[in-house]
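Here is the structure we will look at, set down as C-alpha cells.
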Amino acid sequence: MEILLAIGVPVLLMFGIPVVLSVAGVLIENRHERILAEREAAVAGFPVISTTAELDGAQVELLSSSVVMGIGYLKNLFIGLRSVFGGEIASVTRVMDRGRRETYVRIVEEAERRGGTALVNVRFETSDVGGQQPAAEILCYATMIRQHGESNTLGHADTARRPR
Amino acid sequence: MIVNTESIPGHDIVETRGLVSGNTIRAKHLGRDIGAGLKNLVGGELTGYTELLNESRAEAVQRMVSDAMVMNANAIVNVRFTTSAIAGGAAELYAYGTAVVATPSA
C-alpha cells in the first residue's frame with residue numbers, strides 16, 4: 001500500500017499537472033480566439049494598408065500596439081521534441097497568430113478611438129524578449145490618418161484584412 | 001509630427017535634418033517575472049511584460065523626439081522600431097527615424 005502510494009502520487013502529479021495545464025491552456029486559447037473574432041468583426045470596415053497613401057488635408061499620428069505572448073512551458077517542450085524531426089509546430093503558430101491578431105485589433109481600436117479614418121504603412125515586428133521565459137513580443141505600428149470632412153477613400157477595395 | 005511613412009500627407013518636407021534615435025533598456029522586477037512565469041504555465045499574454053515594453057517604447061520615442069528638437073526639426077518621418085533581448089530578462093527598445101522640417105503644402 002505504501003509502495004503504491006509512493007509511486008502513484010508522483011506519477012499522478014507528473015502526468016496530472018501537465019494534462020490540467022494543457023486543458024486550461026486550450027480553454028483560454030479558444031476563448032481568446034472567440035473574443036478576437038468578435039473584435040475583428042467590429043473593426044472590419046476600417047481601412048488599413050501596408051503601403052503609403054497620399055492624402056490631402058489630413059492629420060497624422062504614429063500609433064503602436066504590442067503584446068507579449070507567453071508560449072507556455074509545455075508547448076516550449078514540444079518545440080524541442082518537434083525539432084528532432086522538423087516541421088511546423090502548429091500549436092505555437094496558433095499562439096503567435098493570436099498575438100498578431102491581438103495587436104492588429106488593438107491598433108485599429110486605438111485608431112477608431114482617436115478619430116482616425118485610416119491606418120497606412122502598417123508594420124509588424126516580432127522579437128524574443130522573455131529572458132528565461134519562452135515568450136515573444138509582437139509589435140504593430142502604423143501611421144494613423146485623420147481626414148476632415150468627407151469620408152475616407154484610400155482608393156483600395158482590398159482593405160481591412162486581418163494579417164495572415 | 002511622427003509618422004512611419006516617407007512623406008507626410010498635406011505637408012512638404014523642406015529640409016532633412018538627419019537621423020535621430022532613442023533607446024532604452026529595461027528590466028522588470030522579480031515579482032513580475034514570477035507572475036509571468038506562472039502565467040506561462042498555460043501560455044497566453046504576459047500583461048506585465050506588455051506594459052513594460054509599452055512604457056519603454058514611449059520612453060525611447062520621447063528620447064528620439066528630444067533628439068529631433070535639438071536639431072530644430074518639427075517632424076520625424078520613416079520611424080522604425082526594433083526590440084531585442086539583452087542578457088537575462090532585460091529588453092532593449094530602439095526607435096529611429098529621419099528628422100525633417102515640414103511645412104503645410106500650399
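The values are calculated or read from the model by the stated rules, or taken from the named source; none is laboratory data. Computed from a prediction, not measured in an experiment: that's the story for all the values here. No Cβ is skipped: glycine too gets one built from the backbone with ideal geometry, and neighbour counts run over all protein chains shown. Surface areas here come from the heavy atoms of the whole protein model, side chains and all, with no ligands, DNA or RNA. Shrake-Rupley method; radii C 1.70, N 1.55, O 1.52, S 1.80 Å.
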(message) Looking only at the stretch B:74-91, count every residue that is touching a helix residue (DSSP H, G or I) at 6+ places or on another chain (Cβ under 9 Å) and either at the interface with chain A (Cβ under 9 Å from one of its Cβ atoms) or among the small types (Gly, Ala, Ser) (or both) and tell me the total.
(response) 7
(message) Which condition from (1) open to solvent by 70 Å² or more (accessible area, probe 1.4 Å); (2) without any contact (Cβ under 8 Å) to a residue 60 or more places away in the chain; (3) within 14 Å of another protein chain (Cβ to nearest Cβ) is the one that A:ALA24 breaks?
(response) (1)
(request) Give the stretch B:61-87 a look and list any residue that's in a loop (DSSP other than H, G, I, E, B) and at negative phi, or say none. (result) B:MET71, B:ALA73, B:ASN74, B:ALA87
(message) Which of the numbered conditions does A:ALA111 fail, given that it passes all the others? Conditions: (1) at the interface with chain B (Cβ under 9 Å from one of its Cβ atoms); (2) buried (at least 18 other Cβ atoms within 10 Å of the Cβ).
(response) (1)
(request) Give just the number: which of (1) of a type in the set (A, V, I, L, M, F, W, C); (2) facing chain A (nearest Cβ under 9 Å); (3) open to solvent by 40 Å² or more (accessible area, probe 1.4 Å); (4) in a strand (DSSP E or B) does B:LEU19 not satisfy? (result) (2)
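Quick check on my filter: what residues within the stretch A:61-75 are open to solvent by 20 Å² or more (accessible area, probe 1.4 Å) and modelled with pLDDT of 90 or more?
A:GLU61, A:LEU62, A:SER64
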(message) Just the residues that are crowded, with 18+ Cβ neighbours inside 10 Å and aromatic (Phe, Trp, Tyr), please, taken from the stretch A:114-146.
(response) A:TYR141
(request) For B:THR24, work out the one condition from (1) away from chain A (no Cβ under 11 Å); (2) over 12 Å from the mean Cα position of the chain (by Cα) it doesn't fulfil. (result) (2)
(request) Identify the single condition in (1) open to solvent by less than 60 Å² (accessible area, probe 1.4 Å); (2) closer than 20 Å to B:LEU53 by Cβ that A:ARG106 does not satisfy, given that it satisfies every other one. (result) (1)
(message) Can you tell me how many residues within the stretch B:32-61 are open to solvent by 60 Å² or more (accessible area, probe 1.4 Å) and facing chain A (nearest Cβ under 7 Å)?
(response) 3
(request) Run down A:VAL92, A:VAL23 and say which single residue is assigned to a helix (DSSP H, G or I), under 14 Å from the mean Cα position of the chain (by Cα) and more than 30 Å from A:VAL120 (Cβ to Cβ). (result) A:VAL92
(request) Report, by residue number, each residue of the stretch B:1-16 that is out of contact with any Ser or Thr (no Cβ under 6 Å at 6 or more places or on another chain) and either at pLDDT 90 or above or exposed (fewer than 15 other Cβ atoms within 10 Å of the Cβ) (or both). (result) B:ILE2, B:GLU6, B:ILE13, B:GLU15, B:THR16
(message) Being modelled with pLDDT of 85 or more and more than 13 Å from the chain's Cα centre (by Cα) is true for just one of A:GLU112, A:GLU125, A:GLU102. Which residue is that?
(response) A:GLU112
(request) Mind telling me which of the residues A:GLY86, A:GLY99 ends up being in contact with a strand residue (DSSP E or B) (Cβ under 7 Å, 6 or more places away or on another chain), closer than 26 Å to A:GLN133 by Cα and free of Cβ contacts under 8 Å to residues at least 40 places away in the same chain? (result) A:GLY99
(request) May I ask you to verify whether B:ARG57 is part of a strand (DSSP E or B) and touching a Ser or Thr at 6+ places or on another chain (Cβ under 7 Å)? (result) no
(message) Considering only residues that are among the hydroxyl-bearing types (Ser, Thr, Tyr) and either open to solvent by 50 Å² or more (accessible area, probe 1.4 Å) or in contact with a Cys (Cβ under 9 Å, 6 or more places away or on another chain) (or both), which ones fall in the stretch A:76-99?
(response) A:SER83, A:THR93
